[in-house]
Amino acid sequence: MLETLTKGFRAARQRLSGEAQVQESDIDDALREVRMSLLEADVEFRVTKQFLAKVKESVLGETVKLKAKVRGRKQKVTVGEHFVKACLDELTALMGEPDSSLSFAKKGPTCIMMAGLQGSGKTTTVGKLARFLATQHKKKPLLVAADVYRPAAIEQLKVLGRQLDMPVYSDDSGGPPAIAERAYKEAMTRGRDVVIIDTAGRLAID
């Protein structure tokens, strides 16, 4: 996704001229490039439309200083670079400030669901996350094998559980939601305060 966006922004910058004031005619082609890159990256259409409207509002009619001081040195600044910066600022605002902190449930076990593409390392990450929570946060995780489509994933999680000396919940009956629900009850019964659910991988088109 990020690679697609990078290509779109690069193409947009190349389309923009070095004029000092941003005109609507200057940014129409650039906005089209960014729109295509966002849609190709599977960003929802309404989100894309709102994003581009905010970018257009923020840059349209602005006068861009063609020279700026960067670390005490004068450098040329083009309208294209100003446009790309406006896009990145809006993306940052859209995605929110980075927050890597963990929020634990005040009552009952905290549930963490692993989701992602096939082969992206979800099951391995479950083990790493469980170890991190146990050592750094003094938590007692319960690992849940909810990938019912890949039998090797269940066995892999059980091996990780044995290596980490942590319980693994697996259930052959019902789908992943039912398994997760029963695992949550199992965690409460066994006094486990974190439930980490390993799910089946998704295809890129899903």
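Take the stretch 13-38 and flag every residue that is surrounded by 18 or more Cβ atoms within 10 Å (Cβ to Cβ), modelled with pLDDT under 65 and assigned to a helix (DSSP H, G or I).
The one that is surrounded by 18 or more Cβ atoms within 10 Å (Cβ to Cβ), modelled with pLDDT under 65 and assigned to a helix (DSSP H, G or I): Arg13.
In the list Pro109, Pro151, Pro176, Pro141, which residue meets the criterion of being within 18 Å of Gly201 (Cβ to Cβ) and crowded, with 16+ Cβ neighbours inside 10 Å?
Within the list Pro109, Pro151, Pro176, Pro141, the selection yields Pro176.
Given (1) in contact with a Leu (Cβ under 7 Å, 6 or more places away or on another chain); (2) hydrophobic (A, V, I, L, M, F, W, C); (3) at pLDDT 75 or above, identify the lone condition not met by Val79.
Of everything listed in (1) in contact with a Leu (Cβ under 7 Å, 6 or more places away or on another chain); (2) hydrophobic (A, V, I, L, M, F, W, C); (3) at pLDDT 75 or above, Val79 misses just condition (3).
Which helices (runs of 4 or more DSSP H) sit wholly inside the stretch 109-206 and have at least 3 residues that are among the charged types (D, E, K, R) and without any contact (Cβ under 8 Å) to a residue 60 or more places away in the chain?
Here the list reads 151-164, 176-190.
What's the total number of residues in the stretch 151-206 that are in contact with a Leu (Cβ under 7 Å, 6 or more places away or on another chain) and among the β-branched types (Val, Ile, Thr)?
Counting residues in the stretch 151-206 that are in contact with a Leu (Cβ under 7 Å, 6 or more places away or on another chain) and among the β-branched types (Val, Ile, Thr) gives 4.
Taking Arg202 as meeting all but one of (1) surrounded by 14 or more Cβ atoms within 10 Å (Cβ to Cβ); (2) charged (D, E, K, R); (3) within 30 Å of Glu40 (Cα to Cα), write down the number of the exception.
(1)
If only one of Ala152, Ala115 is of a type in the set (Gly, Ala, Ser) and within 30 Å of Glu40 (Cβ to Cβ), which one is it?
Testing whether each residue is of a type in the set (Gly, Ala, Ser) and within 30 Å of Glu40 (Cβ to Cβ) leaves just Ala115.
The values are calculated or read from the model by the stated rules, or taken from the named source; none is laboratory data. Model, not experiment: these values are computed from the prediction. For neighbour counting, all protein chains shown are included, and Cβ atoms are generated from backbone atoms with ideal geometry for every residue, glycine included.
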